[in-house]
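Contents: one structure, followed by commentary.
FYI, it's all coordinate maths here, none of it is from the lab. Since the model is a prediction, treat every value here as computed from it, not as a measurement. Neighbour counts are summed over all protein chains in view; Cβ atoms, including those assigned to glycine, are modelled from backbone coordinates with ideal geometry.
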Amino acid sequence: MTSDPLFVAPGGRRLVVAAVIVDDVAAPTRLLGARRSRPPELAGRWEFPGGKVDPGETPIEALHRELREELGVAVALGAEVPGPDDGGWHITDRHVMRLWFARVIEGEPSPLVEHDHLRWLGGHDLFDVPWLDGDVRIVDVLARMLVRR
């Protein structure tokens with residue numbers, strides 16, 4: 001593993017990035033969840049689309065690349081969702097995630113890689129899907145941020 005600070009987060013965890021794709025970054029009412037299709041131990045669980053930051057990439061570059069690869073979309077990024085773990089979110093004992101609000105500006109989200117289903121979730125059904133363990137506390141925070149309509 002490289003010592004590139006964009007590749008390895010403080011504490012030696014691998015940095016991953018993800019997007020909370022919403023209908024409106026200023027006043028979100030729903031977000032897009034993605035159901036994993038692999039690996040087998042994660043299949044059927046829900047997450048925010050994104051992935052690992054590669055050496056030489058900035059987190060923002062990695063996020064745009066991952067969303068093109070995984071969903072076939074381009075997005076406009078909104079604010080970062082700061083986490084309680086030095087600004088990020090410890091999602092496993094080996095990974096820390098940085099997360100941004102995003103709005104699709106090009107393409108229609110499709111589950112191209114890693115996922116087999118996408119679903120828009122609002123405050124009323126946000127917890128109807130089984131989120132990955134590391135994402136549950138993020139969903140708790142986001143549930144308080146969604147505008148109730």
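Remark: 47, 69 ranked as 69, 47, counting other beta-carbon atoms within 10 Å and listing the fewest first. Would you tally the net charge around residue 105, using a Cβ to Cβ cut-off of less than 14 Å, leaving residue 105 out, and scoring K and R as +1, D and E as -1? Summing Lys/Arg as +1 and Asp/Glu as -1 gives -2. Over the chain, the ratio between the Cα radius of gyration and 2.2 N^0.38 Å evaluates to 0.98.
Taking the C-alpha atoms only, the angle from helix 136-145 to the longest principal axis of the chain is near 50 degrees.
Quote the charge dipole size of the chain about the Cα centre in Debye, to the nearest 20; the model charges only the Cβ of Lys and Arg (+1) and of Asp and Glu (-1).
My answer is approximately 280 debye.
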